[in-house]
Structure formats: structure tokens, C-alpha cells
Amino acid sequence: MSRAVIIGTGKYLPDNIMTNDDLSNIVDTSDEWISTRTGIRQRRISTGMSTSDLAYEAGLRALNKSGLRPEDIDLIICATITPDYFMPSCACIIQDRLGAVNAAAFDLTAACTGMIYGMVTAEQFIKSGMYRNALVIGAETLSKVLDWEDRSTCVLFGDGAGAVVMAKSEGDGGILTSNLEADGSKYDYLTCEAVPLENPYVDSGITHKVPRIRMLGQEVFKYAVRTITDNINTLLSRAQISKEEIKFIISHQANQRIIEQASKFIKIPIERFYMNLDLYGNTSAASIGIALDELVSGNEIKKGDKIILVGFGGGMTSGSILLEWS
Ligand code: ACO
């Protein structure tokens, strides 16, 4: 049976580090409040690089590790909620910069679940036989849509990009099963408005303003804990394997307390949940790709290891992938 396997990973983060103490000079907050409520100690904030710049760098690193040439890539998906333009897509900009002249390219919006939605979409193209090799990138410059006067949101997020190259394989391993979900009735838990309707027939009455992220934090918290546990249970049941067989769980990196509660509810030791949110904050669609690249680069994942990737985010959306490393 043909499967989609991961043959390269990459990440890229802006150099500029913003610590919790730096933030306390901008809004009324403290390192103590942020680190105890979220686990976040610092984040990277772009001082000039755009989403497609970060995505290109992560994509290039994943491509180099895969051993493929740019022209071998058939599909580029960029998951982001902070694109450079409404049009063109970041994926098309990346395609040009990489020289991936044979690739179809599009962006995908599933907020913090973007990497999972992107990888599952690429998997379908690969399994159907339409494409052989796909580059999936999650990339964000969330700093441009944060309200830097709202201490309840601006302390949580950071900029960055993570990428995977996926390829068709007839061997063992790869994506064993996956799950995608959405609950649009909760769309107002996390929002970032686009431009208002404004044309010769409509005066929106709104003077131009930059879109900003708004969040119902406690609702998101509850949704996140529930969907992490539900998604893991769904994958285990579909694949007919036990939780003891899972070496690592890479959850979307939003908040340490969310991950700790999920670990407690599902009774999987917290040590098996990879966490780097202390360093990068919540990088939305980028977080799972960044974490996967760190585990792979640190030689923490061996052939045959089973790993779960699980995301949750605005929409609300959630999704997960069970991988066997090959
Ligand atoms: N510094 C200091 N005080 C703060 C800050 C801050 N950065 N932010 C809020 N407070 C204050 C509030 O004003 C409030 O003060 P008050 O009691 O005087 O009114 C107090 O702290 C408690 O505020 P709550 O909002 O009740 O704090 P809570 O314990 O719920 O923690 C948090 C807030 C961390 C956002 C939590 O709700 C959470 O983790 N939610 C999950 C949301 C999340 O992780 N979102 C990430 C994006 S979503 C995604 O990735 C899918």
C-alpha cells in the first residue's frame, strides 16, 4: 500500500528574541504572570522578514534535508493566517524563490491547525497518485496582527516557520491515519478580521484599521484540552494501537497548562509531550513543524517510532496525524 512519508524537516525563526521582561516594558504584565499561566518565557519577533521569507527559509532547509531538487516538488502548501498578500499566495512566492518550477502552489487557512490540515491535504494528493513529492510549510508573522496594547493576547504569540517534505513510499511507515475536525459554531472564540465591505454601494463607516487577534481565552483553553484528548483517542482507536506505543506527542504549542491538563486527562506521561513553547511562544501554524524538526534534528526519533501530531486552533479547528517514522 502506498503511503505518504516525511523525508525532510526544517524550521526557521527570526533572530530577534523578545523576553517576558521586554514585554513588561510594553504592557502591564510580568515574567511571573506569563510563565506561570502559560509556560512561555520568550518568543521571536520579526524585525523585517515577512511570512513568505520565514516560510522560504524553513522550506529550503526541509528540501535540502530531503535530498530532492526543487524541480522534484509537485506541490507546495503554505498554511498561514498571516500571509504577505491576499493575492498572490505565500506558496507561489515560495515556489518562485525555491525554483520549484513544477509545483502547484496554494495557501491554506486553518489557524493553529494549519500544519495538520496541510499535511493531511498533501497526503491525499500523494496517496491518490496525483503528486509524488510535496512541501508543506506552516509559517506566521503573528506579530503584525497582535494588539500590542492587549496584555491578554500579545504575550502569547511569536513568529516562525516549520516545514516538511512529504513523498510517496511503498514501504513501511509514514502517515498511518489522520483526523480533521471543525466546529464553526465556535468561530468567535478566536478571530482576526479582514477588510470590511467597502464599495460604491456600501460605506462601512470604518476607517482603515489593521486587523487584530481577539480571543476568548478560557473557552479556547477548554476546547484545546478536550480536542487534544479526543483526537489522540480517535487515532489510537482507528489504528488499533495502545497509548504505550506512542513515543512522542507533538501538540500545537499554545500553553503549557493546556498540554499538562491533556496529559493528565488522557493518562499519557507529560514527558512524552514535546514542548518548546518556553522559547517561541505560540507560533500558530508553524509550531508543529518547528517541534518536529527539533526532535528529528536532535536524533530523538528512530525508525519505527510512532508519533502523534495534534493541533487545535481558530475556526475552531482541530486535527491529528499518527506517524510511523521511516
Ligand atoms: N499579565 C498580567 N495580567 C494579565 C495578563 C497578563 N499578560 N493577561 C490577563 N491578565 C489579568 C486579567 O486582566 C485578569 O485580571 P483581573 O482578575 O484583575 O480581571 C487576570 O489576569 C486573569 O485573567 P484571565 O483571562 O481570567 O486569565 P486566565 O487564567 O484565563 O489566563 C490565558 C489567560 C493564559 C490566556 C488562558 O485563558 C489561556 O491559556 N487560554 C488559552 C488560550 C490560548 O492559549 N490561546 C492561544 C491561541 S489559541 C490557539 O493557539 C489555538
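Would you be able to tell me the number of residues in region 196-223 that are in contact with a strand residue (DSSP E or B) (Cβ under 6 Å, 6 or more places away or on another chain) and among the basic types (Lys, Arg)? Summing the residues that are in contact with a strand residue (DSSP E or B) (Cβ under 6 Å, 6 or more places away or on another chain) and among the basic types (Lys, Arg) in region 196-223 gives 1. Within region 148-168, take every residue that is part of a strand (DSSP E or B) and among the aliphatic types (A, V, I, L, M) and give me the one that is farthest from the ligand (Cβ to nearest atom). If we take residues in region 148-168 being part of a strand (DSSP E or B) and among the aliphatic types (A, V, I, L, M), then Ala167 is farthest from the ligand (Cβ to nearest atom).
Kindly indicate whether any position in region 209-228 is of a type in the set (S, T, N, Q), under 16 Å from the mean Cα position of the chain (by Cα), within 23 Å of Ser143 (Cα to Cα) and within 16 Å of the ligand (Cβ to nearest atom). No, there is no match, as no residue in region 209-228 is of a type in the set (S, T, N, Q), under 16 Å from the mean Cα position of the chain (by Cα), within 23 Å of Ser143 (Cα to Cα) and within 16 Å of the ligand (Cβ to nearest atom).
Of all residues in region 237-248 being assigned to a helix (DSSP H, G or I) and free of Cβ contacts under 8 Å to residues at least 40 places away in the same chain, which is surrounded by the most Cβ atoms within 10 Å (Cβ to Cβ)?
Lys243
Ile26 meets all of the listed conditions (1) assigned to a loop (DSSP other than H, G, I, E, B); (2) touching a Phe, Trp or Tyr at 6+ places or on another chain (Cβ under 7 Å); (3) closer than 15 Å to Glu140 by Cβ but one, namely (3). Inside region 9-55, residues that are touching a strand residue (DSSP E or B) at 6+ places or on another chain (Cβ under 8 Å) and either modelled with pLDDT under 95 or among the hydroxyl-bearing types (Ser, Thr, Tyr) (or both) make up a count of 5.
Of all residues in region 169-208, those satisfying the criterion of being in a strand (DSSP E or B) and within 16 Å of the ligand (Cβ to nearest atom) are Leu180, Glu181, Ala182, Leu190, Thr191, Cys192. Assess whether Val155 counts as being crowded, with 24+ Cβ neighbours inside 10 Å and either basic (Lys, Arg) or closer than 28 Å to Asn20 by Cβ (or both). Spelling it out, Val155 is indeed crowded, with 24+ Cβ neighbours inside 10 Å and either basic (Lys, Arg) or closer than 28 Å to Asn20 by Cβ (or both). Every listed requirement among (1) within 13 Å of the ligand (Cβ to nearest atom); (2) buried (at least 23 other Cβ atoms within 10 Å of the Cβ); (3) assigned to a helix (DSSP H, G or I) is met by Met119 save one, (1). Checking every residue in region 261-268 against the condition of being within 15 Å of the ligand (Cβ to nearest atom) and either surrounded by fewer than 18 Cβ atoms within 10 Å (Cβ to Cβ) or touching a residue at least 24 places away in the same chain (Cβ under 8 Å) (or both) gives at least one match. Residues of region 274-326 being within 15 Å of the ligand (Cβ to nearest atom), surrounded by fewer than 21 Cβ atoms within 10 Å (Cβ to Cβ) and outside any loop (DSSP other than H, G, I, E, B), which ones? Selection gives Asp278 alone.
The values are calculated or read from the model by the stated rules, or taken from the named source; none is laboratory data. As the structure is a prediction and not an experimental result, all values here were calculated from the model. So basically every Cβ, Gly included, is an ideal-geometry build from the backbone, and we count neighbours across all protein chains shown.
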